[in-house]
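The values are calculated or read from the model by the stated rules, or taken from the named source; none is laboratory data. Predicted model only: the values in this text are computed from it and were never measured. Note that we place each Cβ from the backbone using ideal geometry, even for glycine, and neighbour counts take in every protein chain shown. For accessibility, only protein heavy atoms count, side chains too; no ligands or nucleic acids. Shrake-Rupley method; radii C 1.70, N 1.55, O 1.52, S 1.80 Å.
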Amino acid sequence: MTQSSSPAFSLEFFPPRDIAAQERLVRAAKQMLAIQPRYVSVTFGAGGSTRAGTAETVRTLANMGCDAAPHLSCIGASRDQLRDILAQYREAGVRRVVALRGDLPSGMGGDAGELRHAVELVRFIREETGDWFHIEVAAYPEMHPQAISPTADLNHFVAKVQAGADAAITQYFFNPDAYFDFVERARARGVTIPIVPGIMPITNYSQLSRFSEMCGAELPRWIRLRLAEFGDDKASIRAFGQDVVTDLCQNLLDNGAPGLHFYTLNQSEATMGIWKNLQR
Ligand code: FAD
């Protein structure tokens, strides 16, 4: 792999739940404009947020001059609902979406909607809107937790690309070899689209453990042990996290990653710290 000449940074936010959180988000996003993100994205559904919340946050970020992309998940939705949402985004001038399956809250197994997998959503978006949207999809270097095998998961990823995805963002990981291996296997299958590593800053041990458990991302033993040892010492957790994630990002960029997608959790400090370290 060759070194990427100008890495593209992108930032992910989630819709704020109240006015105070909205103000914090705007403040954080303003600070992070220094990164000159290629685009920003806004999650949907995670943590009970609504589609209206996603659209509203996309509007807020677009008004700040960002190319803002809503996440759109198909689980639990009908084709008509998806068609409406796409039409609204199109009317609002949105040109980029992150197309996902999403996750049903537990206990809703029977109501999965009309499209069962993200590949069907990508196909649907292309059928309905042609090339209007730049479509990002998810990729899992350490395998999606529900996949039956790494190869089956890769096959499903390749299918999303063949259905018309323009680029991919990975689930976060702390082991760069998992990313390099995934990219190599995807390239061997003829995938040429950018596969951008998703980067999770480390700021909070219990939250990170919980997220990692849910999404199947491995928190390596040495990182887990170091974080546990810091206990309530938040400053040390942040400093250690900053070093670990900066090294990870540098390694990824030095070895050909086309950019970095930061899961900001609506906070500027950790992402900005990593970005500043990378500028040195
Ligand atoms: P898919 O690509 O459909 O894959 C899901 C599982 O099904 C995988 O195990 C795959 O191997 C398998 N599969 C795929 N196609 C088939 C098939 N045809 N037959 C059988 N099995 C198949 N969640 C949210 O709720 N809101 C968000 O905003 C959000 N943003 C995200 C952003 C990124 C960058 C990432 C990486 C994840 C995000 N998620 C979000 C989480 C995501 O919704 C979950 O990981 C979800 O479980 C899978 O979504 P997917 O689009 O990867 O699904």
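Worth a mention:
Residues checked against (1) open to solvent by less than 10 Å² (accessible area, probe 1.4 Å); (2) not β-branched (Val, Ile, Thr):
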{"position": "233", "(1), (2)": "no, yes"}
{"position": "239", "(1), (2)": "no, yes"}
{"position": "244", "(1), (2)": "no, no"}
{"position": "249", "(1), (2)": "yes, yes"}
{"position": "253", "(1), (2)": "no, yes"}
{"position": "259", "(1), (2)": "yes, yes"}
{"position": "265", "(1), (2)": "no, yes"}
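- Of all residues in the range 117-127 being open to solvent by less than 70 Å² (accessible area, probe 1.4 Å) and among the charged types (D, E, K, R), the one that is farthest from residue 94 (Cα to Cα): 120
- Candidates are the residues of the range 55-78 that are over 21 Å from residue 23 (Cβ atoms) and away from the ligand (no atom under 16 Å from the Cβ); the one that is modelled with the highest pLDDT is 67.
- Among the candidates 145, 141, the residue that is under 18 Å from residue 255 (Cβ atoms), within 11 Å of the ligand (Cβ to nearest atom) and open to solvent by 10 Å² or more (accessible area, probe 1.4 Å) is uniquely 141.
- The one condition in (1) more than 29 Å from residue 103 (Cβ to Cβ); (2) in a helix (DSSP H, G or I); (3) in contact (Cβ under 8 Å) with a residue 24 or more places away in the chain that residue 256 fails to fulfil: (2)
- Test: residue in the range 138-156 that is polar (S, T, N, Q) and either in contact (Cβ under 8 Å) with a residue 40 or more places away in the chain or closer than 30 Å to residue 246 by Cβ (or both): no
- Tabulated pairs, the range 89-104, first more than 19 Å from residue 153 (Cα to Cα) and within 14 Å of the ligand (Cβ to nearest atom), second open to solvent by 20 Å² or more (accessible area, probe 1.4 Å) and part of a strand (DSSP E or B), C-beta under 8 angstrom, 6+ apart or interchain: 96/134; 97/134
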